[in-house]
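This report refers to the structure that appears directly beneath it.
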Amino acid sequence: GGDAPAAGGGAGGDDDAIVMGFAQVGAESGWRTANTASIQQAAEEAGVELQFSDAQQRQENQIQAIRSYIQQQVDVIAFSPVVETGWDTVLQEAKRAQIPVILTDRAVDSQDDTLYETFLGSDFVLEGEKAGEWLVENTQGEDQVNVVELQGTTGAAPAIDRKEGFESAIADAGNIEIVASQTGDFTRSGGREVMEAFLQSQPDIDVVYAHNDDMGLGAIEAIEAAGKVPGQDIRIITVDAVKDGMTALSEGKINFIVECNPLLGDQLMELAEQVVAGEEVEKRVLVEESTFTQEQAAEVLADRQY
Ligand code: GZL
Ligand code: ZN
């Protein structure tokens with residue numbers, strides 16, 4: 001249309017196309033790169049003009065990116081908060097600028113839920129519970145199961161919630177104990193380094209619970225370097241189900257993977273269109289995801305999109 005854009009109206013380009021500012025966490029894992037590809041492709045298909053930034057897993061960079069989108073007066077801001085805390089100030093600035101915000105993937109701990117229109121992402125506590133339930137079912141009769149835990153980024157919702165869910169699922173099983181737990185920051189190198197340390201400090205490790213595939217793959221490198229057989233001497237449970245993880249699962253180096261679906265691009269663009277049109281949207285939108293055993297991985301590997 002020819003009329004002046006309303007406050008928060010789209011910047012640049014065709015004035016009918018929605019302009020979205022997306023502040024991504026970084027490119028720390030296979031999951032993250034698949035998530036980015038999904039968002040960029042969905043924007044293309046939906047005719048959304050996407051301003052995209054990579055914060056290299058640093059909160060100050062994400063906040064800076066959000067501020068630049070406010071300056072540009074984009075129609076809608078979306079982001080995956082690298083950690084849960086510290087967002088209220090910049091989200092209040094977006095609210096004052098009348099630019100709606102959509103949370104994707106990770107959550108914020110803001111008490112004021114008028115600071116964002118909706119949160120689209122997985123239920124990370126459920127993911128942790130699925131991992132713990134598999135371990136309980138598959139260690140019946142074992143007297144002492146020692147677990148080492150590779151946590152995700154300190155303070156990140158998936159790290160906090162996957163830990164909580166796993167612990168609640170194993171709580172009543174008297175034979176399972178988390179003997180060590182440390183962050184590997186969701187990266188392969190982080191998982192390898194922490195696992196090397198655990199192999200030095202822990203006399204008997206039976207299971208690795210890694211909050212994502214990438215840290216699990218790093219742990220496999222450390223386990224093999226120590227002359228042990230991953231998936232047998234030390235069983236491994238991970239979360240994500242990206243291609244590299246599913247390959248290791250089909251090869252028997254990982255024992256169980258809980259899927260965390262990164263392909264939320266289409267749902268995001270649909271929500272953005274509704275939000276910009278001023279329509280009411282659900283405050284919480286879940287993504288669909290499942291779990292995989294070694295047999296199931298072998299069956300679906302060829303069809304995996306990410
Ligand atoms: C989960 C996402 C996590 C992935 C990791 O939704 O935030 O961040 O599980 C990624 O692989 O680094
Ligand atoms: Zn043991």
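Annotations
- Modelled this way, with points 7 Å down the Cα-to-C-beta line, the labels at GLN92 and SER189 are 3.8 nm from one another.
- Cα gyration tensor, the stretch 111-230 - rounded (a/c under 1.5), prolate or oblate: oblate
- Per-peptide average of other Cβ atoms within 10 Å, ordering 160-172, 223-235 highest first: 160-172, 223-235
- Per-residue Cβ neighbour counts within 10 Å put VAL208, VAL242 in the sequence VAL242, VAL208, beginning with the fewest.
- The stretch 123-173 - Debye-derived log10 I(q)/I(0), Cα point model, q = 0.22 Å⁻¹: -0.76
- Shape index of the stretch 197-306: Rg/Rh, with Rg the Cα radius of gyration and Rh the Kirkwood radius from the inverse mean 1/r over Cα pairs, equals 1.15.
- Relative intensity of the chain on a log10 scale, I(q)/I(0) at q = 0.15, 0.16 Å⁻¹, equals -1.09, -1.19, per a Debye sum over C-alpha point scatterers of equal strength in the absence of solvent.
- Only DSSP H runs of four or more residues enter the estimate; each adds -39500 (n - 2.57), and after division by the residues of the chain the mean residue ellipticity at 222 nm equals -12500 deg cm²/dmol.
- Take the Kirkwood radius over Cα pairs of the stretch 252-301, plug it into Stokes-Einstein at 25 °C and 0.890 mPa s, and you get 183 µm²/s for translational diffusion.
- A simple spin-label model places the labels of GLU279 and ASP143 6.2 nm from each other, with each point 7 Å out along Cα-to-Cβ.
Only the coordinates and a few stated rules stand behind these numbers; no lab work does. Bear in mind that the values here come from a model prediction, so they are computed numbers and not experimental data. Note that each Cβ is placed from the backbone with ideal geometry, even for glycine, and that neighbours are counted across all protein chains shown.
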